[in-house]
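Below is one structure, written out as structure tokens; the observations come after it.
FYI, it's all coordinate maths here, none of it is from the lab. Given the structure is predicted, the values throughout are model-derived calculations rather than measurements. In this analysis, Cβ positions are derived from the backbone assuming ideal geometry, glycine residues included, and neighbour counts consider all displayed protein chains.
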There are 2 protein chains.
Amino acid sequence: MAPESQAQLSRRERQIMDVIYRLGKATAQEVRGNLPDPPSYSAVRALLRVLEEKGHVRHRQEGPRYLYLPTVARDKARRSALKQLLRTFFDGSAEAAVAALLDMSVDELSDEELERLAELIERTRQEGR
Amino acid sequence: MAPESQAQLSRRERQIMDVIYRLGKATAQEVRGNLPDPPSYSAVRALLRVLEEKGHVRHRQEGPRYLYLPTVARDKARRSALKQLLRTFFDGSAEAAVAALLDMSVDELSDEELERLAELIERTRQEGR
DNA sequence: AGCACGCTGCTAAAATATTAGCAGCACAGG
DNA sequence: CCTGTGCTGCTAATATTTTAGCAGCGTGCT
């Protein structure tokens, strides 16, 4: 079963998915440790089972415990998250979003990063023809 | 009461907030009309009332009905949404996020937009010194 | 006036999500 | 061997979300 509309997640489920995407993979304990306002261990396991039923994660036996992985590859998930964000906050405009990103991370972006971005844009312009 | 951690929203509440941010402002009917899998009108109003209690929206009397507005300005909300997205999907790297944005909207970005972005980056690099 | 309409507030039921706690199983150490 | 530890699966209670439905209020129309 595929993780269809993906927006059906409850609050906790979403938090858990965020952790899993952030870490790439995680055990129940790790998930719990990365959860805001951590619930009981038991609760986390229950939620992970539900998420697995719903098809958002799968697990591998890793030694004595389960290792949970997202079923949807990170970059697919990224993509739809970005799309959603664009629609909600930027009227669908990628340009506006990029501008906001640059603006909010001026101090964090190194000169090399900016350099690379400039190149990237240049390349994108070429393709656009 | 301020919309503190902001991540406390339930599924429906989040959907509603998305609509309100997208539209900027909306009546209960409009919210309902923009909701996926629209619930009853009554349900929407109940949720709006809750969101107002929690401090996420406020309302104005607009003629005979209520017009709901977000309490947190769109660009503040944007910012935290972006931050969250960056953390979850891009290891906090704005560069990676911009790259993904460009990549996923190559065909939609006009040459002028790309032009503007190039300039924007150039300007950012100046400031960075 | 009397009525229909579209809105609001509210409350209580139904559906879901969230949690705790018990039982079993495997493994490592005394 | 026992025993403690750390996992798992499960079930049942609790809390929260989500819903429908009723009552009231104002406006405009006949």
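In table form, for the structure just shown:
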read-out	value
Those residues of segment A:51-66 which are more than 10 Å from DNA strand D (Cβ to nearest atom) and of a type outside the set (G, A, S), in sequence order	A:L51, A:K54, A:H56, A:V57, A:R58, A:R60
Within segment B:51-90, considering residues that are more than 15 Å from DNA strand C (Cβ to nearest atom) and of a type in the set (V, I, T), the one farthest from the other protein chains (Cβ to nearest Cβ)	B:T71
Matching option when the condition is β-branched (V, I, T), more than 16 Å from DNA strand C (Cβ to nearest atom) and either under 15 Å from the mean Cα position of the chain (by Cα) or surrounded by 20 or more Cβ atoms within 10 Å (Cβ to Cβ) (or both), among B:V98, B:V31, B:V19	B:V98
Top-ranked residue in segment B:25-50 [being touching an Asp or Glu at 6+ places or on another chain (Cβ under 9 Å) and more than 10 Å from DNA strand D (Cβ to nearest atom); ranked as nearest to the other protein chains (Cβ to nearest Cβ)]	B:N34
